[in-house]
Amino acid sequence: LSPFLDTSRPSPLSLLPWHPLWQPPNPSARMWRVLRASLLRVRAARDWARGAATGQPPKEERDPAPAPYRDTVLLPRTRFPAQLPGRLQPQAELETQQKCGFSELYSWQRQRKTKKEFCLHDGPPYANGDPHVGHALNKILKDITNRFHMMRGYKVHYVPGWDCHGLPVEMKALSELQAQDLSAMEIRQKARKFAERAIEKQKSAFIRWGIMADWTNCYYTFDGKYEAKQLSVFQKMYEKGYIYQDYKPVFWSPSANTALAEAELEYNEQHISRSVYIKFPLLKSPPKLASVMDGLSKISLLVWTTQPWTVPANQAVCYMPNSEYSVVKCTNTSECYILAADRVESLAAILDMQFEVISTFKGIDLESGSCAHPTIPGKDSPLLPADHVTMAKGTGLVHTAPAHGMEDYSVAAHHQLPMDCLVDEGGFFTEAAGSELQNKAVLEEGNEAVIQMLQAAKSLLKEERYVHSYPYDWRTKKPVIIRASKQWFVNTANIKATTQEVLKKVKFVPASGQKRMLEMLDRRTFWCISRQRCWGVPIPVFYHKTTGESLINSQTIGNIIRIVEQQGSDAWWTLPVEQLLPREAVAKVGNHDALDYVKGQDVLDIWFDSGTSWARVLEDSDQQADLYLEGKDQLGGWFQSSVLTSVATRKKAPYKTLMIHGFTLGEKGEKMSKSIGNVVDPDVVINGGQDHSKEPPYGADVLRWWVAESNVFNEVLIGPAVLNAARNDINKLRNTLRFLLGNVAGFSPETDSVPASEMYVIDQYMLHLLQDYSNKVTEAYKEYDYSRVIRLLQAFHTRDLSNFYFSIIKDRLYCEEEKGLKRRSCQTVLAEVLDAVVRSVAPVLPHLAEEVFQHFPYKTELESVFRTGWINTSSVWKKPGLEEAVEGACAIRDSFLGSISGKNALEHEVVVVIEPGLFFELMEALQPEESSSISQLNEIMMASKTTLLTKLPKELASEEKIIEGNFLINLEGGDIREESSYKVIVQPAAGAKCPRCRRYTSDSALTVCPRCMEVIAQNGKNIM
C-alpha cells in the first residue's frame, strides 16, 4: 500500500468485501527465447462477429489458418446464429415448440407436487371470427404472466374458454346463409357449427403464439355442463330475489330486434340528430301563477328534444322545482313562452327572436299546471317536477315519454302515468300511433313524419342538426332506441353496496381502474338479462296460454338444470313442454296442466353467460382466481357481470386482482380499418404476407416482444415500423446471447466456477449488477409491468453487458490462459449472466429462450428452460461498497476516453494522479504497482498501460493536456463521504504493438508482449 496512507483511520479495504488481489508472475527469460515469430494480425474476432445466419460455425472453426498466433487466441465458439433470415424464423419456432415440448408443458407443471397455486381465469373471447391483434395482446399478456409464475414454482391453473352464444355468433352464422325464416333449431345448429369453426381457428393461432394451456380441456359456454352451472347461478339469484320480470324502458336494437345491456353499446361521438324546438300550449295555468298569466294570450311551454319520434308518446312536461323560470313575450309575434330563466338570452339568439321578460318565478310554482299535446288533439300533458332536468342545454323543460326514457319512466311510475309503447320490436310505429305513423321506422321516415305533424300543428319553432354522442349496437353498428318492453332484470341496486365494498378489496392494475369501475357500477340500477334471440341459454320460465302469467320457481328451474346438464340447452327447443315442466310444479300453482303453458322464448344475456364462468372453471366453490386480465371495455362488461353474479350468490368477488389493458391501434394512433389499410393480421406478422418484401415473416416472438414492450395500460400501437423495431431489438439481444454462449465454450459451471471472493473486482461488480437486475426484473414481473421488464433487460444487456463489461473483459477472454483463474473468473460471471438473462426473458420470448437453452455448451438435465425454475442469484453478490471502486475507476476511464474520442484506447497510456486519501486507496487496491499493463485498473481503463500517482510527475511536458475531474465516495450508507479530485494525463503508448493481443506493450512489433509469452508457454505452444 502507499506510504501516503493515513494510518489513523481504518483502511477502506476493510470496508470492501473483496478477496486480496493476486498479481500475475513475471515472464521468464526462457519464454523470450522460445517465442520468436513474425507478426500476423489476428482476424478471427472479426470473422466470428460476422456470424453466419445459417448457423455455420465461425470462420476459425471452418477454416483454421496457419497463422503463428491464431491458434493461441481463445475466440468464441458457438453454433447459435446471430440471427435467422425471416423466411426461416417461423419454421424454426415450430421446431422449437416440438423439440421442447410446448404442448406438454401445461400438463407437466400441473403434476408437480407443490402447494403454491396461481389461477388466471381466462375471459372468453367471442367465437365469431378470425384471430386478430386484440386477441394477441390479451393472450400473450396472460401467457407471460402464467409462464413467470410457473417458473417461480407455482402450479398454474389456466383453462382457456370461448363465449359461444349470442348475437355476435348468430349474426355471423346467418350472414353466410341465403335462406330466411329458419326455425329456432336451424339457427342454433348453424350458429353452433360457425362457433366451432371459429374456435378451431382461434385455438390454432393461440397455440402458434406459444400460449401455454391444456388445449384439450377448454371451456365453452355452449357446453351442457357449463350451461347447467350457469342456470344454477340463475336459480340462486332468483331464489334470493335478485332476478325479476318487469315492464320498463330498455336499450333496444331495431337492427337486431332485441334488448341490450349497457355493456353492449358503443357510442358514436359524431351522431347527427334532428333536434326540434316545440311549443306545448298552456291549457291549465298553475294556481300560483294565475295572477301572472292573467291578460296574457297564447302562452306555451318551450321544449327541446333530439328525438322528435318520441313526441307522440309524450305524457308530461317536467321542470326543475328549485330552478328559476321566466315568462317571456316575443316582441315579433306577441306570443308568450315559459322557459328557464338562465336560457332566455341564448334561446332568443337560437330562435332569432326578441324576448321581453314578463315575470320570473321558481319552478315549483308550475305545480298543477298542464299543457296541450302538440300532435294529439284533446290530449293534455301535466307539468311535473323532476330532478333529472338540467339547465346546461335545451330550455329547462323536458318532454317526457315514459316508454322511451329511463328518467321518464321513473317520473311516470311515481305519478302513475301511462307507459304505452307505440314502437314495435323492429323499430316501427305500431297501429296505436295512428295511421299517419303506422309501419314507419322511427329513426328514419317515422321521425320525418312526426316533424311534419308538428309543423302542420304550428307547434314547431325550429329544427336543426345536432351532433352528439349517441348509443349504437356494438354488433350491428347501428343506432339503438330506448323502448319499454317486458324483460327480465337483475336488481343491481340491492347488491350494489356489497359489490362496491368487495371491489375496494380487489387490487387493480393500474389502480385507476378501480375508480372507473366503481363509478360505472354506481350508475347501474338494473341489468336487463333477457334477449329476444334463440342462440343462447333459455330463461327457464313458462307462461300460461290464457293469462300470460309466468311460472318459475326452484322446482321448475331445478328440473331444467338436470335436463340441460345431460342434453344441453337444445332440449328447451326440442322437448315438449310436458317433459320440461314437472307435474308437481304445475300442481302447486292451481288446477292446471303442463299443456296449459308455453315455453318462454327469451335467452339469457351473454354477459350472464360469461359472467358465471367462475362457477364452472374455478375448481372449488369458494375459490377466487388470483387474476382476471382483460381489456378496459370489460370494466363495464365481464369484470362487472362476474362480480355481480359472484357477490349475489357467494358474497365475494371471483378475483383477487384485475389487470386492465388498452386497445390496439395503428402505429399512428388511428383505429384499424381495411379502408385505411392499417389492419395488422397476426398470421401475416408471423408467416409473412404474399409479398415478403412488404410484409416479412417475423415469427411469434416478435409479436410477443411487441406486447411486452408496449405500455399496455394505454392504447397499444402496432404497424410495420413497430414490428421492425421489435425484430431489431430481438436481434440485438441475440447478439448479446451469442457472445455469452461463445465465451462459455469449454467451461463447466460445476467444475470450473470461481468463488465470488476470488474473482476480479470487475467480475464481482458484474455479479452485483446481475443481482440488482434479477431483483428488479422479478419485481416488475410480479407487478405485471412487462414494459419495465423489457426496459430493464435492454439496459442490462446493452449498457451493462455489451457496452461496458464485454468491452473490458475481451482481452482476458481471448488472450489469457484458457483454464487460468483470470479467465475462469469472468467465464463464471458470463455463465451466471447467460443463465439469468435467458430465464428473465423466457416468459416473453419462449422460443428464443428455448433455442438458447439448447445451445448451452454444458449439459442440462431437462430439455426445456421452463422446467428448471426461475433466476437463482446469491446474496453474497450484493456488495454495495464495490460500486465505489469500480464506478470511481469508470469515472476516470470516461475522462480518458472522452479526451481521445474516436481513437483506439490501446494506442495510449494513462497517468492518473489522485491526492492521498480514500479515493487513492480504492484505486491502489485495483493496481498496487505504480505502473502496470495487466492490473485490474488498467483493464478497466482499456489502455495499454496505466500509471497511478499521488502527484503530477516532474518530467511532465508543457504541451501535455491535463484532464481534471471529481468523484464523490459514499460508503456505509453515507457515514463515509468524501469528494476527491483526480487528474488524467493521456500519452501515446511507448511500446510496440503485440501481434497477438494488439496492445502496445511489446518490445518489438515482431515479438509478443511478456503477458502473451507467458500464456503461450503455459499452454505448451511452440510457434517457432
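Suppose we filter A198, A136, A228 for residues that are within 22 Å of the chain's Cα centre (by Cα) and either under 25 Å from S103 (Cβ atoms) or among the aliphatic types (A, V, I, L, M) (or both); which single one remains? Checking each option against the conditions leaves just A136. With respect to (1) more than 50 Å from the chain's Cα centre (by Cα); (2) surrounded by 19 or more Cβ atoms within 10 Å (Cβ to Cβ); (3) under 24 Å from Q452 (Cβ atoms), the lone exception for W304 is condition (1). Within region 683-694, being within 16 Å of H132 (Cα to Cα) and among the acidic types (D, E) holds for one residue alone: D683. Tally time: how many residues in region 147-190 are surrounded by fewer than 15 Cβ atoms within 10 Å (Cβ to Cβ) and within 33 Å of the chain's Cα centre (by Cα)? Final tally of qualifying residues: 2. Filtered by the rule that a residue be open to solvent by 10 Å² or more (accessible area, probe 1.4 Å), under 19 Å from W535 (Cβ atoms) and not in a helix (DSSP H, G or I), region 592-612 gives K599, Q601, D602.
Condition check: open to solvent by 20 Å² or more (accessible area, probe 1.4 Å), in the same structural domain as N966 (by the TED database) and within 17 Å of R999 (Cβ to Cβ). Does I900 satisfy that? For I900, the condition - open to solvent by 20 Å² or more (accessible area, probe 1.4 Å), in the same structural domain as N966 (by the TED database) and within 17 Å of R999 (Cβ to Cβ) - is not met.
Note on region 952-1011: residues that are in the same structural domain as L897 (by the TED database), in a loop (DSSP other than H, G, I, E, B) and of a type in the set (S, T, N, Q) amount to 1. Of everything in region 851-867 that is of a type outside the set (A, V, I, L, M, F, W, C) and in contact (Cβ under 8 Å) with a residue 24 or more places away in the chain, the residue that is most open to solvent (accessible area, probe 1.4 Å) is E863. Under the condition of being part of a helix (DSSP H, G or I) and either open to solvent by less than 10 Å² (accessible area, probe 1.4 Å) or touching a Lys or Arg at 6+ places or on another chain (Cβ under 6 Å) (or both), the residues counted in region 832-850 number 12. With the condition kept exactly as written, say whether any residue in region 562-574 is part of a helix (DSSP H, G or I), farther than 17 Å from A184 by Cα, at pLDDT below 90 and open to solvent by 10 Å² or more (accessible area, probe 1.4 Å). Within region 562-574 (the criterion being part of a helix (DSSP H, G or I), farther than 17 Å from A184 by Cα, at pLDDT below 90 and open to solvent by 10 Å² or more (accessible area, probe 1.4 Å)), the answer is no, since none of the residues qualifies.
Across region 923-975, the number of residues qualifying as buried (at least 18 other Cβ atoms within 10 Å of the Cβ) and either at positive phi or of a type in the set (D, E) (or both) comes to 3.
Selection of region 643-682 for residues being over 18 Å from the mean Cα position of the chain (by Cα) and more than 24 Å from P131 (Cα to Cα) yields V643, L644, T645, S646, V647, A648, T649, R650, K651, K652, A653, P654. All conditions but one from (1) farther than 30 Å from I451 by Cα; (2) outside the structural domain of E170 (by the TED database); (3) surrounded by fewer than 20 Cβ atoms within 10 Å (Cβ to Cβ); (4) in contact (Cβ under 8 Å) with a residue 12 or more places away in the chain apply to S291; the one that does not is (4). Just one of the listed residues (K478, K440) is touching a Gly at 6+ places or on another chain (Cβ under 7 Å), among the basic types (K, R) and surrounded by 14 or more Cβ atoms within 10 Å (Cβ to Cβ), and it is K440. Screening the candidates S807, S864 for the property of being in contact with a Gly (Cβ under 9 Å, 6 or more places away or on another chain) and among the hydroxyl-bearing types (S, T, Y) yields one hit, S864. Since E818 meets every condition but one in (1) at pLDDT below 95; (2) in a helix (DSSP H, G or I), which condition does it not meet? Result: E818 fails condition (2) only. Where strands (runs of 3 or more DSSP E) fall entirely within region 442-522, those with at least 2 residues that are in contact with a Ser or Thr (Cβ under 9 Å, 6 or more places away or on another chain) and of a type in the set (V, I, T) are at 481-490. Look through region 613-670, keep the residues that are basic (K, R) and over 18 Å from A263 (Cα atoms), and return whichever of them is most open to solvent (accessible area, probe 1.4 Å). Among them, the one singled out is K668.
For region 747-788, the candidate set comprises residues that are part of a loop (DSSP other than H, G, I, E, B) and touching a helix residue (DSSP H, G or I) at 6+ places or on another chain (Cβ under 6 Å); within that set, the residue that is surrounded by the most Cβ atoms within 10 Å (Cβ to Cβ) is Y760.
Scanning region 314-328 for residues that are farther than 20 Å from L460 by Cβ and without any contact (Cβ under 8 Å) to a residue 40 or more places away in the chain yields a total of 3. Only one entry of G363, G394 meets the criterion of being crowded, with 21+ Cβ neighbours inside 10 Å, in contact (Cβ under 8 Å) with a residue 12 or more places away in the chain and over 30 Å from Q438 (Cβ atoms), and that entry is G363. Residues that are in contact (Cβ under 8 Å) with a residue 60 or more places away in the chain, touching a Lys or Arg at 6+ places or on another chain (Cβ under 9 Å) and over 11 Å from P538 (Cβ atoms) within region 569-600 are absent altogether. Taking every residue in region 426-439 that is charged (D, E, K, R) and pairing it with any residue that is open to solvent by 80 Å² or more (accessible area, probe 1.4 Å), at least 6 positions away or on another chain, the pairs with Cβ-Cβ distances below 9 Å are E431/N439; E436/Q452.
Being under 23 Å from K288 (Cα atoms) and open to solvent by 70 Å² or more (accessible area, probe 1.4 Å): is that true of V357 here? It is true that V357 is under 23 Å from K288 (Cα atoms) and open to solvent by 70 Å² or more (accessible area, probe 1.4 Å).
The values are calculated or read from the model by the stated rules, or taken from the named source; none is laboratory data. Keep in mind that this is a model prediction, so the values were computed, not measured. All Cβ positions, even for glycine, are placed from backbone atoms using ideal geometry, and neighbour counts span all protein chains on display. These area figures cover heavy atoms from the full protein model, side chains too; ligands, DNA and RNA do not enter into them. Shrake-Rupley method; radii C 1.70, N 1.55, O 1.52, S 1.80 Å.
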